[in-house]
Amino acid sequence: MTTKNNNNTLSIEYKSVKELIVYARNTRTHSDEQVTQLMGSIKEFGWTNPVLIDEEGVLIAGHGRLMAAERLALDEVPSIMLTGLTETQKQAYRIADNRLPLNAGWNEELLKIEINELIESGFDIDTLGFTQLEIDDLLDLKTDVDIGELSGGNKSGSLFEKFLFPPFTVLSARDGKWQERKKQWIALGIKSEEGRDESLTFNKSHQPPAVYDEKNRYEEKVGKKVSWDEFFEANPDVKLLPGTSIFDPVLCELAYRWFSPEGGLILDPFSGGSVRGVVAAKTKRNYIGCDLRAEQISANIQQWEDIKSPDDEYTPIWKCGDSTYIRKHADNAQADLIFSCPPYADLEVYSDNPDDLSTMDYPEFLKAYRQIIKECVSMLKEDRFACFVVGDVRDKKGIYRNFVSDTIQAFIDAGADYYNEAILATSVGGVAMTASRTFKASRKLSKTHQNILVFVKGDPKKATLACGDIEIEDIGSEVDEEVL
Ligand SMILES: C[S@@+](CC[C@H](N)C(=O)[O-])C[C@H]1O[C@@H](n2cnc3c(N)ncnc32)[C@H](O)[C@@H]1O
C-alpha cells in the first residue's frame, strides 16, 4: 500500500528485525512490564502500527514495539520509511511522537462502559495496557476511606504515622498508600515467586495469577487438564507474563512490626519465596524459613545476596526440609513470632514430593498440617503471637472445606488462643474478568480477600509488652528516591 503526504511517500514494508537500527539516544524508556504488554497486544491484535524508520533504517518511532518483536522472536516487522526529513526534524519527531499522545484525555464514563462490556464478553482486558489498580479505580472497585487522613483520636500523629496502617480488621492492599509502600519494597529487588533466573528457579508451583489464567484458558482450548510441564512446553511465552504475585511485603512488614519485637526471631514453616525473609532482615528481625523445595531455597538465598546492603545487621536463614521436623531444621530455636502462608490444601500443587502437603487429600493434609502447627507452637516462646495468612478452598463439588476454621482449630488444639482476625482486601483486576461468568453459572462470589489469623500463646498483655514500641522507618533512602 502506498500513499502520499507532504514530503513523504508512505509505504509499508516488512523489514528484517536484524536490519533495523535502534536510535542510540532514544529518550523514551520501556520497562519489562510495558514490553510484555506490547507483546500481548501484538499477539492479540496483530501489527496495527508499523515502526517508523529513516532512509538508513534507523528507528524514528517504535523502539518498544521492536523490543516486543524481538522477544516474540519475530523475524520481520512492518515499517514505514520517512523520507526527506532533516536530522533536526527527525530528532524532534522522535520526541513529539511520544509526547503528543500524552496530551489526550479519557472520557471516563464512556471508558467505563466500554471496559465493562469487554469484561462482560470475556475479553482479556490485560491487553488494554491499564494496570489492575487503574481498572479497580475506574470501575469504582477501590475502598472509599482515605486511611492517611485518619487522625487516630489525638494530636500525636495519624494512625498511619503511628502504625504504618490503621490497625483495623479490614486492611486494603488496594489503597494508594499500600501500593506505594509495596513498590518501595519491590524496588529493593524482591522478585516474584517464579524466580529470578528462569533456568534455575522457574518453578511451576507458585505462579502469578496471570499464569493460572493462561493455564485455565489453555485447558479450555484443548478440552482437558494438562500438567504444568505440558502447559509450559506448549506456551513458552507464558514465562514472560508480568510476575506481580509475591507474598505481599507490606502485609509482612505490618505483621512483623505489630506482633514481634525488633531483634526477635520469626519462624516460618512454609517459606516459599524470599519476601518474608527479606522483610524480616530489613525490619531488624531474625528469620528462619523452612520449605521442602531445594530450588526455591537456593533462589531465596541468591536473592538475599543480591539485595543485602553493607548496613544490614540481620541475615535471613532458609532451611530445606519437611516442616514436620522444623524443630530439628531450626536447631531447637525459640521463636518470637510464627508467621506463614501455608499451602491452601491442594489449591496449588507445589511439587511431586509426597511430603508436600499440597499433594495430599484433605484428611491427610489436615493431619500433617496440624502436626506442623503443633510443632511450631511448641517452639514459640510463652507470651508471643502467631499469624497465618490463609484463604478458604473449595472441594471438587465447589463446597468450601472450611480451611480457615480448621486452621483456627489447629492452633487452639496446639495450645494457642485465637486473638485477631483481619481481612486483607486484595486487588480486583483479573478477577473482574471472570466474576460475571462464574457468578451466573454457579452463584459463587469471586474471592478478593485473604484471611489474616492472629493467635497468642500465653498472656496477650505480656505478649504486647514483649513486642515493644512500634517503630515505623523508611525502607531505605535509595529506595525512596527511586520510587517516589
Ligand atoms: C503457599 S506457599 C507458601 C509461600 C508462598 N510462596 C507465599 O507467597 O506465601 C506453600 C509452600 O509450602 C511448601 N510446603 C509444602 N509442604 C511442605 C512441608 N511438608 N514442609 C515444608 N514446606 C512445605 C511448598 O513448597 C510451598 O512453597
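When GLY122 is evaluated against the numbered criteria (1) under 21 Å from LEU424 (Cβ atoms); (2) out of contact with any strand residue (DSSP E or B) (no Cβ under 9 Å at 6 or more places or on another chain); (3) open to solvent by 20 Å² or more (accessible area, probe 1.4 Å); (4) modelled with pLDDT under 80, which criterion, by number, is the only one it fails?
Of everything listed in (1) under 21 Å from LEU424 (Cβ atoms); (2) out of contact with any strand residue (DSSP E or B) (no Cβ under 9 Å at 6 or more places or on another chain); (3) open to solvent by 20 Å² or more (accessible area, probe 1.4 Å); (4) modelled with pLDDT under 80, GLY122 misses just condition (1).
Which of the residues belonging to the stretch 252-275 are open to solvent by 10 Å² or more (accessible area, probe 1.4 Å) and under 21 Å from the mean Cα position of the chain (by Cα)?
Listed by number, the residues that qualify are PHE270, GLY272.
What is the one condition in (1) under 20 Å from the mean Cα position of the chain (by Cα); (2) modelled with pLDDT of 90 or more that VAL479 does not satisfy?
So the condition that VAL479 fails would be (2).
May I ask you to verify whether GLU109 is in contact (Cβ under 8 Å) with a residue 12 or more places away in the chain and either in contact with a strand residue (DSSP E or B) (Cβ under 8 Å, 6 or more places away or on another chain) or among the charged types (D, E, K, R) (or both)?
Against the criterion (in contact (Cβ under 8 Å) with a residue 12 or more places away in the chain and either in contact with a strand residue (DSSP E or B) (Cβ under 8 Å, 6 or more places away or on another chain) or among the charged types (D, E, K, R) (or both)), GLU109 does not qualify.
Could you check the stretch 131-171 and list, in sequence order, the residues that are modelled with pLDDT of 85 or more and in a loop (DSSP other than H, G, I, E, B)?
If the condition is that a residue be modelled with pLDDT of 85 or more and in a loop (DSSP other than H, G, I, E, B), then LEU164, PHE165, PRO166, PRO167, PHE168, THR169 are the ones that fit.
How many residues are within 14 Å of the ligand (Cβ to nearest atom) and part of a loop (DSSP other than H, G, I, E, B) when one looks only at the stretch 393-414?
Residues flagged as within 14 Å of the ligand (Cβ to nearest atom) and part of a loop (DSSP other than H, G, I, E, B) within the stretch 393-414 amount to 1.
Right, GLU295: in contact (Cβ under 8 Å) with a residue 40 or more places away in the chain, of a type in the set (Asp, Glu) and open to solvent by 10 Å² or more (accessible area, probe 1.4 Å) or not? Show your work before the answer.
Numbers: in contact (Cβ under 8 Å) with a residue 40 or more places away in the chain: yes; of a type in the set (Asp, Glu): yes; open to solvent by 10 Å² or more (accessible area, probe 1.4 Å): yes.
Answer is yes for this residue.
For the condition farther than 23 Å from ALA414 by Cβ, among the small types (Gly, Ala, Ser) and more than 15 Å from the ligand (Cβ to nearest atom), what is the one hit in GLY263, GLY277?
Unique residue meeting the criteria: GLY263.
Residue-by-condition table, conditions (1) over 14 Å from TYR256 (Cα atoms); (2) part of a helix (DSSP H, G or I); (3) more than 13 Å from the ligand (Cβ to nearest atom):
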residue	(1), (2), (3)
LEU267	no, no, no
GLY272	yes, no, no
CYS290	yes, no, no
ASN300	yes, yes, no
SER309	yes, no, yes
ASP312	yes, no, yes
THR315	yes, no, yes
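Can you confirm whether ARG443 is in contact (Cβ under 8 Å) with a residue 40 or more places away in the chain and open to solvent by 10 Å² or more (accessible area, probe 1.4 Å)?
When the stated conditions are applied, ARG443 does not pass them.
Pairs, please: C-beta under 7 Å, at least 6 apart or cross-chain, first residue free of Cβ contacts under 8 Å to residues at least 60 places away in the same chain and in the stretch 368-391, second in a strand (DSSP E or B) and buried (at least 19 other Cβ atoms within 10 Å of the Cβ)?
Sorted first by the residue in the stretch 368-391, then by its partner, the list stays empty.
Return the residues of the stretch 317-330 that are farther than 22 Å from TYR256 by Cα and outside any helix (DSSP H, G or I); say none if nothing qualifies.
CYS320, GLY321, ASP322 - these are the residues of the stretch 317-330 that are farther than 22 Å from TYR256 by Cα and outside any helix (DSSP H, G or I).
What residue, among those in the stretch 331-348 that are assigned to a loop (DSSP other than H, G, I, E, B) and within 12 Å of the ligand (Cβ to nearest atom), is nearest to PRO363 (Cα to Cα)? Steps first, please.
Kept after step one, since they are assigned to a loop (DSSP other than H, G, I, E, B), are these residues of the stretch 331-348: 331-334, 341-348.
Okay, now just the ones that are also within 12 Å of the ligand (Cβ to nearest atom), so 341-348.
Details: CYS341: 19, PRO342: 16, PRO343: 14, TYR344: 13, ALA345: 10, ASP346: 11, LEU347: 15, GLU348: 17 Å.
Among those that are assigned to a loop (DSSP other than H, G, I, E, B) and within 12 Å of the ligand (Cβ to nearest atom), it is ALA345.
So if I check each of ASP459, ASP417, ASP474, ASP406, which one is in the same structural domain as ARG276 (by TED's automatic domain parsing), open to solvent by less than 50 Å² (accessible area, probe 1.4 Å) and of a type in the set (D, E, K, R)?
ASP406
Could you tell me which numbered condition SER351 fails, if it satisfies all but one of (1) more than 12 Å from the ligand (Cβ to nearest atom); (2) open to solvent by 10 Å² or more (accessible area, probe 1.4 Å); (3) touching a residue at least 24 places away in the same chain (Cβ under 8 Å)?
Going through the list (1) more than 12 Å from the ligand (Cβ to nearest atom); (2) open to solvent by 10 Å² or more (accessible area, probe 1.4 Å); (3) touching a residue at least 24 places away in the same chain (Cβ under 8 Å), SER351 breaks only (1).
Can you name the residue in the stretch 362-375 that is more than 11 Å from the ligand (Cβ to nearest atom) and open to solvent by less than 40 Å² (accessible area, probe 1.4 Å) and is also farthest from LEU292 (Cα to Cα) among such residues? Show your work before the answer.
To start, the set of residues in the stretch 362-375 that are more than 11 Å from the ligand (Cβ to nearest atom) comprises 362-364, 366-367, 370, 373-374.
Next, only the ones that are open to solvent by less than 40 Å² (accessible area, probe 1.4 Å) stay: 362, 366, 373.
Values: TYR362: 19, LEU366: 17, ILE373: 16 Å.
Filtering the stretch 362-375 for residues that are more than 11 Å from the ligand (Cβ to nearest atom) and open to solvent by less than 40 Å² (accessible area, probe 1.4 Å), the one farthest from LEU292 (Cα to Cα) comes out as TYR362.
Would you be able to tell me the number of residues in the stretch 179-209 that are touching a Gly at 6+ places or on another chain (Cβ under 9 Å), surrounded by fewer than 20 Cβ atoms within 10 Å (Cβ to Cβ), modelled with pLDDT under 75 and outside any loop (DSSP other than H, G, I, E, B)?
Residues that pass the stated criteria total 1.
The values are calculated or read from the model by the stated rules, or taken from the named source; none is laboratory data. None of the values given here were measured: they were computed from a predicted structure. Using ideal geometry, Cβ is built from the backbone for each residue, glycine included, and neighbour counts are taken over all protein chains shown. Calculation scope for accessible area: heavy atoms of the full protein, side chains included, ligands and nucleic acids excluded. Shrake-Rupley method; radii C 1.70, N 1.55, O 1.52, S 1.80 Å.
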